[in-house]
Amino acid sequence: MSSSGLQRIHVCIVVIPMFFLALIIIGLAGAAFEDAFSPTKVIVVNQVSATLMSYAIPAGTVALAAAIAGASFSMGKTESWISSAVALSLALVAWAFGLIIFGFACKQSSVGGELAGKLKGLSGMCIILFFVETIYIAVLNTVVYPSAHPQPQIQPQI
């Protein structure tokens, strides 16, 4: 297996948890919205929680699209600049959304108060997704631009 093939496997290893974390975030944010606006349940939601819920759905959707683009790039048999450009651009947009929800999740943790289990889980998953997205961009960068990260050459000593 070539060096490029091994690096593409590393992209798959990072893409799989990112895909499932994005699905979990979308589900938790949707369930938290349902609980927050349900007439039968009374849940206290502060302003930070409402903002986190509203930003978590699009952030999870963009992270899901970035994971699918990364999987498509890593499974591709050809070296296409279009697939790498789409994967990198979606990864950067997902990272920017992840940075926003990471900030709101940290703010929600610092505000404290009594939160429902879904909101606690949502803030934890948002923090984890941000770090996984950061690792994903680093791995994807080394795969797309291998010449920018040269392997050290060992010279034989005579």
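The values are calculated or read from the model by the stated rules, or taken from the named source; none is laboratory data. Note that this is a predicted model, so its numbers are computed, not measured. Quick reminder, even Gly has a Cβ in these numbers, built from the backbone with ideal geometry, and neighbours come from all protein chains shown.
Can you confirm whether residue 116 is at pLDDT below 80, in contact with a helix residue (DSSP H, G or I) (Cβ under 7 Å, 6 or more places away or on another chain), over 18 Å from residue 10 (Cα atoms) and not charged (D, E, K, R)?
Details: at pLDDT below 80: yes; in contact with a helix residue (DSSP H, G or I) (Cβ under 7 Å, 6 or more places away or on another chain): yes; over 18 Å from residue 10 (Cα atoms): yes; not charged (D, E, K, R): yes.
So residue 116 passes the test.
Listed by position, the helices (runs of 4 or more DSSP H) enclosed by segment 1-111 that each have at least 3 residues that are modelled with pLDDT under 80 are 3-36, 81-111. Considering segment 25-71, and only residues there that are among the hydroxyl-bearing types (Ser, Thr, Tyr) and crowded, with 18+ Cβ neighbours inside 10 Å, the residue that is farthest from residue 143 (Cα to Cα) turns out to be 49.
Among the numbered criteria (1) outside any loop (DSSP other than H, G, I, E, B); (2) exposed (fewer than 14 other Cβ atoms within 10 Å of the Cβ); (3) of a type outside the set (Gly, Ala, Ser); (4) at pLDDT below 85, which single criterion is violated by residue 143? All conditions pass for residue 143, except number (2).
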